[in-house]
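J.: If you scroll down you'll find the structure; I have some questions about it.
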Amino acid sequence: MYDSLGEALLVKGDTINAIEYYKKSYRLNRNNTNAITVLNGIGVDTIDLTEVIEVSIEILESYVGKYELRPNFVFSITREERQLFIQATGQSVSGIFASSEERFYSKVVSAQITFNKDEDGKVISLTLHQNGDHLAKRLE
């Protein structure tokens, strides 16, 4: 939505507002590489938008496990050093990247993941943000 508004404003010649909408679009959806491409194309420095978020190994390790989206469809979260990986049942492994301490995004598909904790701080589920929000409960 914001990406489209940015595009319309750019066509109208309203570069200042177009930049703001493209930035907002990217902040809401880190998979939106089009926003970064357009911003870079019009000379906007996007380093502040694409800065890598560092998450401690302890927090990353707390996310490692299996999460069931539905019967016979499980997300396996693994870690190597400071990188998390996800593998859904029957699919290949891919990296996921932090946009905050709890929220991660894929560079392969248009999807984001939020790890959910209980009141004691224990990770109990993840939410897949892809064509809506889908809860996957932790199995282990």
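J.: Being free of Cβ contacts under 8 Å to residues at least 60 places away in the same chain and touching a Lys or Arg at 6+ places or on another chain (Cβ under 6 Å) is the filter here, so list the residues in segment 128-140 that pass it.
T.: none
J.: Only one residue in T78, T33 is surrounded by 11 or more Cβ atoms within 10 Å (Cβ to Cβ), under 18 Å from the mean Cα position of the chain (by Cα), among the polar types (S, T, N, Q) and not assigned by TED's automatic domain parsing to the domain that holds A98, so which one is that?
T.: Result of the check over T78, T33: T33.
J.: So how many residues does segment 81-107 have that are under 15 Å from the mean Cα position of the chain (by Cα) and aliphatic (A, V, I, L, M)?
T.: 4
J.: Return the pair list, or none, for Cβ contacts closer than 9 Å from residues in segment 40-65 that are surrounded by 14 or more Cβ atoms within 10 Å (Cβ to Cβ) to residues that are modelled with pLDDT under 90 and in a loop (DSSP other than H, G, I, E, B), at least 6 apart or on different chains.
T.: Short answer, once both residue conditions are applied: L49/R30; V55/S100; G65/E140.
J.: Going through segment 128-140 one residue at a time, which ones are part of a loop (DSSP other than H, G, I, E, B) and under 15 Å from A88 (Cα atoms)?
T.: Once the filter is applied, which keeps residues that are part of a loop (DSSP other than H, G, I, E, B) and under 15 Å from A88 (Cα atoms), segment 128-140 yields Q130, L139.
J.: Then there is this: Working only within segment 1-24, note down all residues that are in contact with a Gly (Cβ under 6 Å, 6 or more places away or on another chain) and closer than 30 Å to G95 by Cα.
T.: Y21, Y22
J.: Can G95 be described as surrounded by 12 or more Cβ atoms within 10 Å (Cβ to Cβ), on the phi > 0 side of the Ramachandran plot and touching a strand residue (DSSP E or B) at 6+ places or on another chain (Cβ under 8 Å)?
T.: Criteria not met by G95.
J.: Can you report the number of residues in segment 111-126 which are surrounded by 12 or more Cβ atoms within 10 Å (Cβ to Cβ) and out of contact with any strand residue (DSSP E or B) (no Cβ under 6 Å at 6 or more places or on another chain)?
T.: Selection size over segment 111-126: 1.
J.: If you don't mind, there's one more thing I want to ask. What number of residues in segment 45-80 are modelled with pLDDT under 90 and either of a type in the set (S, T, N, Q) or within 14 Å of I124 (Cα to Cα) (or both)?
T.: Of the residues in segment 45-80, 2 are modelled with pLDDT under 90 and either of a type in the set (S, T, N, Q) or within 14 Å of I124 (Cα to Cα) (or both).
J.: With touching a residue at least 12 places away in the same chain (Cβ under 8 Å), assigned to a loop (DSSP other than H, G, I, E, B) and of a type in the set (G, A, S) as the only criterion, which of S110, S125, S92 stands out?
T.: S110
J.: For segment 66-83, which positions are hydrophobic (A, V, I, L, M, F, W, C) and either touching a residue at least 60 places away in the same chain (Cβ under 8 Å) or within 20 Å of T15 (Cβ to Cβ) (or both)?
T.: Result: L69, V74, F75.
The values are calculated or read from the model by the stated rules, or taken from the named source; none is laboratory data. Note that the structure is predicted; figures quoted are calculated from it, not measured. Here Cβ is always computed from backbone atoms with ideal geometry, including for glycine, and neighbour counts include all displayed protein chains.
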